[in-house]
Amino acid sequence: MAITGIKTKFHPDAVLAETLSQWIGCARVIYNAKCDEDKYLRTYARKYLPVGTWPKPDQTYSQFKTELTPFLSECPSQILRNSATIWCQAYQSFFRGVGGRPSRKPKVKGNYVWLTSELFRIQWINDVCHLELGTKANPAGTLSIKWNKSRIPAQSPKSIWIRKTNAGWSLAFSYDDGVLHQEVSNSAHLTYLRTLDAPTLAELITPVDRGVAKPLHTHNAIYALDAASKRKFAWRDKLVKRYQRKAARQVKGSNQRKRTLQRIAKLREKDKEVRTNFWHQTTRALANNSKVIVLEDLNLKNMTKRAKPKVCEITGKWLKNGTRAKSGLNKALLGVGLYQFEQLLTYKMRMADKPLFKVAPHHTNQECAHCGHIHPSNRISQSDFKCQSCGHADNADHNAALVIRKRAINLILNSGTELAGTHKNVLKLRASVDKSVNSCKTVKAKALGATSGLSKKKAA
């Protein structure tokens, strides 16, 4: 069974928006107060208590309801309890080594509230969801949300998350879809793929080359934003630069500067929403229309690092290191959202029981897909490729996709160990391949299906 998440926008009226904003503020006050309390107790224990004595994290919050914080008494106690629970869970994750110690959240990051089942009720009236928020003692209001009733679970979710950003309000929750997913590991998929020949693998594999000018380029398709969306992106970027120049001339802390910064944040949020929507649609199309997908194992964290400074050993002066060009490249790479694409595609391929492999990215844009000759001069420009050895000419991104597929086929038939995992955890598949040879027929049915089955699906 898989956990499915649903996120939607809503537009509350002025009264409900003010109430939700108050709830979010109270929840943030409790979370920050727990962080300050823990810091104080740890400092006291370090100075005055025996070595090894430290405060234990708990979920208490009543000590913060004083005469100085009368607004906390107006907020439902369940919201304060949930905020203390979030802090305690974050501390437990810190003990397990999953994340860092909980720290104070500013208004930008702590702009959410967690509502458990006591704080909301769902009613369906004419295929419109009416969400009643609050308790009997503290009713907040009712939201009308147009949800697809077929996608919503029969039982109401146990909790929901409400978030407020510059782009508006959003509501999210997750639930168990109740469908039994028998996931097949990449090693099992690889066992079946090794039984096929090179031409069959070439038909099954969809190579994906990622870039900036063209976000995705496969062996037979290009995935990019349309011309209208690109114009709007450029228009919003122009507005952002104009507002940034305006904010630089305004007085810090003034209301006019706050409004300008809010306009910049709204434009950024709009870019984020368009980009996320594009990647969701693209990954869904790839997951539905592909049998096997192969990506380059890009280390985007290293690719977007700042340029290192250079110093002359003789004079000690700073030398030019291409910082401006590297910063522009980093901005372009991060603006496309290539890592977000990889995250979305990974879980969608996993839910579809389809394999997703990676190959080494070295020199894919300089290697010829026909003869294998590698040279920097093969890449004439961003879009043109011409091999200096055999004279093969092609689109540079299309040639790179063919190189990725060629490498994947070679690794499947000859090695396979480099295809199983990511750069963080490369699985050892030699032993698993030998052990699962006897169960190859079962893997056929669970994984990609026989070649005859594939043809029937295509015909259907």
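The values are calculated or read from the model by the stated rules, or taken from the named source; none is laboratory data. Since the structure is predicted, the reported quantities are computational estimates derived from the model, not experimental observations. All Cβ positions, even for glycine, are placed from backbone atoms using ideal geometry, and neighbour counts span all protein chains on display.
With respect to PRO199, determine if the residue is surrounded by 14 or more Cβ atoms within 10 Å (Cβ to Cβ), within 18 Å of VAL292 (Cβ to Cβ) and not assigned by TED's automatic domain parsing to the domain that holds GLU18. The answer is no for PRO199.
Any residue at all in the stretch 245-261 that is out of contact with any Phe, Trp or Tyr (no Cβ under 6 Å at 6 or more places or on another chain), in contact (Cβ under 8 Å) with a residue 24 or more places away in the chain and either outside the structural domain of ALA360 (by TED's automatic domain parsing) or β-branched (Val, Ile, Thr) (or both)? Walk me through how you get there before you give the answer.
First, the residues of the stretch 245-261 that are out of contact with any Phe, Trp or Tyr (no Cβ under 6 Å at 6 or more places or on another chain): 245-259, 261.
Checking the rest, the ones that are also in contact (Cβ under 8 Å) with a residue 24 or more places away in the chain come to none.
No, the stretch 245-261 contains no residue that is out of contact with any Phe, Trp or Tyr (no Cβ under 6 Å at 6 or more places or on another chain), in contact (Cβ under 8 Å) with a residue 24 or more places away in the chain and either outside the structural domain of ALA360 (by TED's automatic domain parsing) or β-branched (Val, Ile, Thr) (or both).
Can you pull out every residue in the stretch 66-77 that is assigned to a helix (DSSP H, G or I) and buried (at least 19 other Cβ atoms within 10 Å of the Cβ)? Even if it seems obvious, please write down each step before you answer.
First, pick out the residues of the stretch 66-77 that are assigned to a helix (DSSP H, G or I): 70-72, 77.
Within the stretch 66-77, LEU72 is the sole residue that qualifies.
Take the residues of the stretch 21-65 that are of a type in the set (Val, Ile, Thr) and surrounded by fewer than 17 Cβ atoms within 10 Å (Cβ to Cβ): which is nearest to the chain's Cα centre (by Cα)? Per the criteria, the residue is THR60. For the residues PHE278, PHE233, the requirement of being farther than 26 Å from ASP353 by Cα and in contact with a helix residue (DSSP H, G or I) (Cβ under 8 Å, 6 or more places away or on another chain) singles out PHE233.
State whether the residues of the stretch 311-325 include one that is in contact with a Lys or Arg (Cβ under 9 Å, 6 or more places away or on another chain) and within 30 Å of THR282 (Cα to Cα).
If we filter the stretch 311-325 for residues that are in contact with a Lys or Arg (Cβ under 9 Å, 6 or more places away or on another chain), which is where we start, we get 311, 318-321, 323.
Checking which are within 30 Å of THR282 (Cα to Cα) leaves us with none.
No, that holds for no residue.
Within the stretch 42-60, the set of residues being more than 26 Å from TYR112 (Cβ to Cβ) and either β-branched (Val, Ile, Thr) or part of a helix (DSSP H, G or I) (or both) comprises ARG42, THR43, TYR44, ALA45, ARG46, LYS47, TYR48, VAL51, THR53. Cβ contacts < 6 Å: first residue outside the structural domain of GLY141 (by TED's automatic domain parsing), restricted to the stretch 67-91; second residue at pLDDT 95 or above and among the hydrophobic types (A, V, I, L, M, F, W, C), any location; separation 6+ or different chain. Result? Matching pairs, first to second residue: none at all. The residues listed here are LEU329, LEU338, LEU300; of these, the one that is aliphatic (A, V, I, L, M) and more than 26 Å from THR206 (Cβ to Cβ) is LEU329.
Would a scan of the stretch 107-130 turn up a residue that is of a type outside the set (Asp, Glu), farther than 28 Å from ASP38 by Cβ and under 24 Å from the mean Cα position of the chain (by Cα)?
Restricting attention to the stretch 107-130, the residues satisfying the condition of being of a type outside the set (Asp, Glu) are 107-117, 119-126, 128-130.
Imposing the further condition that a residue be farther than 28 Å from ASP38 by Cβ reduces the set to 117, 120-126, 128-130.
Still in the running and under 24 Å from the mean Cα position of the chain (by Cα): none.
Taking every residue of the stretch 107-130 in turn, none turns out to be of a type outside the set (Asp, Glu), farther than 28 Å from ASP38 by Cβ and under 24 Å from the mean Cα position of the chain (by Cα).
Residues of the stretch 269-284 include none that is of a type outside the set (D, E, K, R) and assigned to a loop (DSSP other than H, G, I, E, B). Residue count for the stretch 263-310, restricted to those that are loosely packed, with under 15 Cβ neighbours inside 10 Å, assigned by TED's automatic domain parsing to the domain that holds LYS348 and either touching a strand residue (DSSP E or B) at 6+ places or on another chain (Cβ under 6 Å) or β-branched (Val, Ile, Thr) (or both): 1. Any residue that is farther than 30 Å from ASN395 by Cα and modelled with pLDDT of 90 or more - is there at least one of those in the stretch 171-188? Looking through the stretch 171-188, at least one residue is farther than 30 Å from ASN395 by Cα and modelled with pLDDT of 90 or more.
Taking the stretch 293-392 as the region of interest, the helices (runs of 4 or more DSSP H) fully inside it that hold 1 or more residues being closer than 16 Å to HIS217 by Cα are 323-336, 338-351. Taking the listed residues LEU300, LEU286, the one that is modelled with pLDDT under 90, touching a helix residue (DSSP H, G or I) at 6+ places or on another chain (Cβ under 7 Å) and under 30 Å from LEU193 (Cα atoms) is LEU300, with no other qualifying.
From the list ALA17, ALA27, pick out the single residue that is in contact with a strand residue (DSSP E or B) (Cβ under 6 Å, 6 or more places away or on another chain), in the same structural domain as SER159 (by TED's automatic domain parsing) and of a type in the set (Gly, Ala, Ser). Break it down stepwise before answering.
Working: ALA17 fails: in contact with a strand residue (DSSP E or B) (Cβ under 6 Å, 6 or more places away or on another chain).
After ruling out the rest, the residue left standing is ALA27.
Does LEU239 satisfy the criteria of being in contact with a helix residue (DSSP H, G or I) (Cβ under 7 Å, 6 or more places away or on another chain) and part of a helix (DSSP H, G or I)?
Values: in contact with a helix residue (DSSP H, G or I) (Cβ under 7 Å, 6 or more places away or on another chain): yes; part of a helix (DSSP H, G or I): yes.
Considered against the rule, which asks whether it is in contact with a helix residue (DSSP H, G or I) (Cβ under 7 Å, 6 or more places away or on another chain) and part of a helix (DSSP H, G or I), LEU239 comes out as yes.
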